[in-house]
Structure formats: structure tokens, C-alpha cells
Amino acid sequence: MQKHVRIQWKGHHLAATIHYPAEWTDQEKNARYPLVVICHGFIGSRVGVNRLFYKAAQELAEDQYVVIRFDYAGCGESDGDYGQTGLDDFIDQTNHVIDFGLQLNGVDADQLILLGHSLGGAVASWIAANDSRVKKLILWAPVGQPYKDIVAIVGEKEVEKLKQKTFIDYMGYQLTSRFFRSLSLYHPLKEASRFQGDVIILHGTNDEDISAEYCLRYDSVFQTREKGTCEKRLIAGANHTFSSCVDQRDLFSETRRWLAAVLKRETRKKVV
């Protein structure tokens, strides 16, 4: 079951889609399902390349999760101008979506999971490190150094033009100095060790946009913690958006396997 909603944020409406487990009903008062919030990447959308996030939400709903995928302001079907906002706004928008999701009937507020891809991975990682409501973190090809990584994608020469121009046109998005300045203020790799929950990091070895080295670097940081586990998996041959059918199947199966194992371990601890 899917439901399309609009979530208010600073005078704008963020387009979002909620995926419910097949067993969910409005009348069910006792059931509590974990909530997964999906954070898309740079100039992306809640659908994803080759429907990546749509398919992921469908599969996770089959596993008894409530899933919210949404468009950041100025992306997809959401109001606003993406290039006028910044990473601080992406964090704030995600927090608004989290607040909305945790108020849904049937959601277990103690089982909040963030799933972030690319720049959305940096957003999810930063929020997880600073918001105790987040219990688990799923990172797909995460950005580690927002300013450096996005400038590399857009092109240093293009970004240099902002010294004389109010914006640069990248793929039809008007990116401003404010956008890039905000990226320089956040360092999710440094913040990551503050998150005390369980993590899985998945990255394609043929990622030409965001280096698979970040899979190892994030893992190295998460392994220094006294609390919380971390698994990593490099998917051989996968690109940044896990575009092939085989790569998507591996991505989804590894994510679902990890979630099932973590929940099983938690249930076992409660019984003991």
C-alpha cells in the first residue's frame, strides 16, 4: 500500500510517498512497525535512478517496514529552488520528515532507520550522529566530504565562476554560493563516531562519482566506537546508482539480510 503526502517545510511542500506493510490498517492499534526514511542524493528525487528508491521501498515494505521516501525542496515534485538551499536545509527537511513519520499510526518510534544514498548518505550520517532517535543507519555510496565531493562532480572551473556570477547552471539547477558554502560546513566522516547504533555501508567498486574508498573510511570510523556494530560490503562492478538489475538485487538483498539479522539479534537480547 502506498500513500502520497505533502509535508510542510518553511512555507514549502515536500512531496513524499509512504509505503506500508501489506498487513497495515488504519484501525490496527497494537502493531508497531519500524520506520525507514530514505534520503536521496544530489539533484536526485524520491524515485531514484532506474527507480532505485521506489523498488527499495517496495521490498522493505514486504519485510514489515513503514518506508517514507521524499523529494528535497526543489527536487522531484517538491516546491522550492534546490540551488538556493544548502546542506543545513537538507538536514532540517529530513528532520521534518522524521517528525512526520514518527507520528504515523502503527510506527514504532524506537525503531527509526535512516537510509541515505550519495549526498543523502552524508545527511543521514550527520543526523544519526546528532539525533538519538535514529537507531540504525544504512549508507549507500555515501558522500564523505560534501564540499570536495560535489565540487568534483560539478567541476572546479564551474564553481569558480560563482566569484563573478550569482549562480551556475548545472543540469538545469541554479546552484548558488550559499549552496556550496553550506557543504563546506559539514564533515560527516568526523561526526560519524558519535552515532551509537548499528550501521551497514554498501558501495559499488565502479563508482565514478563518489569513491568506494569512503566505504572503508566510514567503516574505519564506525569501528572505533564502543557501542554499535558496522558492516561493509563492496559490490563488484556496481556504479554510483547501482543501475544494473544484478547490482540492485545485491544491494537490496544485502540491506534486507542485514536488517533481519540486526532485528533478530535485538529480539534475542530482549528475551535473555
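The values are calculated or read from the model by the stated rules, or taken from the named source; none is laboratory data. Keep in mind it's a predicted model, so treat the numbers as computed, not measured. Please note: Cβ atoms are built from the backbone with ideal geometry, for glycine as well, and neighbour counts cover all protein chains shown. For the accessible areas, the whole protein counts, side chains as well, though only heavy atoms, and no ligand, DNA or RNA atoms are used. Shrake-Rupley method; radii C 1.70, N 1.55, O 1.52, S 1.80 Å.
A compact table of results
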item	result
Inter-residue pairs, beta-carbon under 6 Å, first in contact (Cβ under 8 Å) with a residue 24 or more places away in the chain and in the range 93-112, second assigned to a helix (DSSP H, G or I) and open to solvent by 10 Å² or more (accessible area, probe 1.4 Å), 6+ apart	A109/L102
Selection status of I201, within 18 Å of the chain's Cα centre (by Cα), β-branched (V, I, T) and assigned to a strand (DSSP E or B)	yes
R181 vs. criteria within 30 Å of D81 (Cβ to Cβ), outside any loop (DSSP other than H, G, I, E, B) and open to solvent by 10 Å² or more (accessible area, probe 1.4 Å)	yes
Answer from T255, T241 - the residue that is within 17 Å of L114 (Cα to Cα), touching a residue at least 12 places away in the same chain (Cβ under 8 Å), under 19 Å from the mean Cα position of the chain (by Cα) and surrounded by 14 or more Cβ atoms within 10 Å (Cβ to Cβ)	T255
Residue within the range 165-181 that is within 18 Å of the chain's Cα centre (by Cα) and of a type in the set (G, A, S) present	no
Inter-residue pairs, beta-carbon under 9 Å, first without any contact (Cβ under 8 Å) to a residue 40 or more places away in the chain and open to solvent by 10 Å² or more (accessible area, probe 1.4 Å) and in the range 123-150, second of a type in the set (F, W, Y) and assigned to a helix (DSSP H, G or I), 6+ apart	Y147/F180
Residues of the range 106-127 satisfying the condition of being on the phi < 0 side of the Ramachandran plot and among the small types (G, A, S)	A109, G116, G120, G121, A122, A124, S125
Residue under evaluation Q174, criteria (1) within 22 Å of L60 (Cα to Cα); (2) part of a strand (DSSP E or B); (3) in contact (Cβ under 8 Å) with a residue 60 or more places away in the chain, criterion not met	(1)
The lone exception for D88 - which of (1) within 24 Å of Q248 (Cβ to Cβ); (2) assigned to a helix (DSSP H, G or I) it fails	(1)
Contacts under 6 angstrom Cβ, first residue in the range 1-17 being under 27 Å from D63 (Cβ atoms) and in contact (Cβ under 8 Å) with a residue 12 or more places away in the chain, partner open to solvent by 80 Å² or more (accessible area, probe 1.4 Å) and in a strand (DSSP E or B), 6 or more apart	T17/H4
Single residue of the range 153-171 satisfying the filter (part of a helix (DSSP H, G or I) and in contact (Cβ under 8 Å) with a residue 12 or more places away in the chain) that is surrounded by the fewest Cβ atoms within 10 Å (Cβ to Cβ)	E158
Test result for Q84, of a type outside the set (A, V, I, L, M), more than 14 Å from G44 (Cβ to Cβ), out of contact with any Leu (no Cβ under 8 Å at 6 or more places or on another chain) and modelled with pLDDT under 95	yes
Among the candidates E208, E191, residue that is acidic (D, E) and not in a helix (DSSP H, G or I)	E208
Unique match (being out of contact with any Cys (no Cβ under 8 Å at 6 or more places or on another chain), within 19 Å of G120 (Cα to Cα), at pLDDT below 95 and acidic (D, E)) among E226, E191, E213, E208	E191
